[in-house]
Amino acid sequence: MTLPESPPATHAVRPVPEVTSTPAPLLRVRGLSVSYAPPGKGTHLGTGAALRDADLEVRPSEIVGIVGETGSGKTTLARATVGLVAPAAGSIEFAGEDIGGLRGRARRAFRRSGQVQLVFQDPLRSLDPDLTVTDLVREPLDIAGVLSRTEREQRVAESLRLVGLDPDAVAERRPRHLSGGQRQRVSLARAVATRPRLLFCDEPVSALDVSNRNLVLNLLDQLRAELDLAVVIIAHDLSSLAGIADRVAVFYRGRIVEQGPIREVLGDPAHPYTALLTASAPSIGDEERLDPARLRPTGDTPAWPADLGCVFAHRCPFAHDACADQPASPTLPHAPQRRAACHDAAAWRERLDQPSPQKESA
Ligand SMILES: Nc1ncnc2c1ncn2[C@@H]1O[C@H](COP(=O)(O)OP(=O)(O)O)[C@@H](O)[C@H]1O
Ligand code: SF4
Ligand SMILES: [Mg+2]
């Protein structure tokens, strides 16, 4: 995928104001579980649940990264938050309002308001090929039923400029006549047209090379600053989030196994799965690297039934009897902003400091 050669329009990045206390969360997700199983087909939250017992908060104007393997429930969390799928359990509060419990007309009205927007993973498939760029960006405003006709036209042009596109050059084009990067920018312009307070971007950089990745990530940071927007960026790998996210949540098999300020999580992972991700990532910061080989099962790891206890037990070299019970995700005693779903959060590191069997025998 290529991006337009011209750099995005530059916008002064607003300095982050000093805060003396933590602002109230804009989004507060508690115990959220989602199952795609049709109603009446067995247990609602059996092994088929796509997301289980997720707790997550997003504060105004912050960037939260979500990382995890394919199928770990990242998109499901985004879809549940924008109201595309109903939760099986748990709550979703947005700006203090219970939006997870909205049904029928109330849910449709919330979706139409455009306060929370989702940019889908594949811009080509998510943009109607028959609409022009102007129609595509204006559509959410038409649906929301806000602003006069003239104001909508102005908002469309403003939104295109915000994402670094020249309205005169692209307004009448259709998606197939745009480059991949331009389509992605149109998706973003469409998402911010209603001036949402929260934006989910589903894998916005997975298909891009490193330089284009940085262009898109910088653009998201500019949008955050210009529009006072909280952004949740879903990604496959931690390294693309390292330079931009304030906090990160690590997903594994439908559960959030660790979350916290990204520098702390990367520098000192508390969950063995996060440690494996950071050790395997190409280069993140200058922290001391763990040896990935020490974080893989040794062969002595007990065999675990698929849906029993800790979701990572089948791959965890530190698994022990207590791991047959599902760990809670408490805050870490030494870091109240961090949480990890591991019976031995961080204590497993002590075992890494012991010499490996290979070194002992050398
Ligand atoms: N529309 C759907 N119908 C049935 N199962 C689904 C649907 N969407 C996702 N799933 C399943 O839910 C789980 C989580 O998927 P998803 O949230 O898309 O993961 P991710 O975004 O992390 O790749 C996967 O097992 C996936 O197969
Ligand atoms: S709870 Fe047990 S199996 Fe799960 S990550 Fe922690 S040590 Fe490993
Ligand atoms: Mg996904």
Ser187 being under 17 Å from Leu199 (Cα atoms), in contact with a Phe, Trp or Tyr (Cβ under 8 Å, 6 or more places away or on another chain) and surrounded by fewer than 17 Cβ atoms within 10 Å (Cβ to Cβ): no
Segment 204-262, residues that are more than 15 Å from ligand 1 (Cβ to nearest atom), charged (D, E, K, R) and closer than 11 Å to Gly65 by Cβ: Asp246, Arg247
Qualifying residue in segment 233-250 (condition: assigned by TED's automatic domain parsing to the domain that holds Thr132, touching a Cys at 6+ places or on another chain (Cβ under 6 Å) and closer than 21 Å to Val82 by Cβ): yes
Total residues in segment 97-148, condition more than 30 Å from Gly31 (Cα to Cα), among the polar types (S, T, N, Q) and touching a Leu at 6+ places or on another chain (Cβ under 9 Å): 1
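Out of Ala78, Ala50, I need the residue that is in contact with an Asp or Glu (Cβ under 8 Å, 6 or more places away or on another chain), within 16 Å of ligand 3 (Cβ to nearest atom) and over 21 Å from Arg338 (Cβ atoms). Which one?
On the way: Ala50 fails: in contact with an Asp or Glu (Cβ under 8 Å, 6 or more places away or on another chain).
Result of the check over Ala78, Ala50: Ala78.
Could you tell me which of the residues Thr70, Thr75 is surrounded by fewer than 14 Cβ atoms within 10 Å (Cβ to Cβ), in the same structural domain as Gly181 (by TED's automatic domain parsing) and either within 14 Å of ligand 1 (Cβ to nearest atom) or among the aliphatic types (A, V, I, L, M) (or both)? Talk me through it step by step, then tell me what you get.
Numbers: Thr75 fails: surrounded by fewer than 14 Cβ atoms within 10 Å (Cβ to Cβ).
Just a single option satisfies the conditions, and that option is Thr70.
Please find, among Asp353, Asp307, the residue that is within 16 Å of ligand 1 (Cβ to nearest atom) and modelled with pLDDT under 90.
Within the list Asp353, Asp307, the selection yields Asp307.
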Failed condition for Arg183, given (1) closer than 15 Å to Val231 by Cβ; (2) out of contact with any Cys (no Cβ under 9 Å at 6 or more places or on another chain): (1)
Flag for Val210 being buried (at least 24 other Cβ atoms within 10 Å of the Cβ) and aliphatic (A, V, I, L, M): no
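The values are calculated or read from the model by the stated rules, or taken from the named source; none is laboratory data. Worth saying up front: this structure is predicted, and the values here are computed from it rather than measured. Every residue, glycine among them, receives a Cβ derived from its backbone with ideal geometry; neighbour counts consider all protein chains shown.
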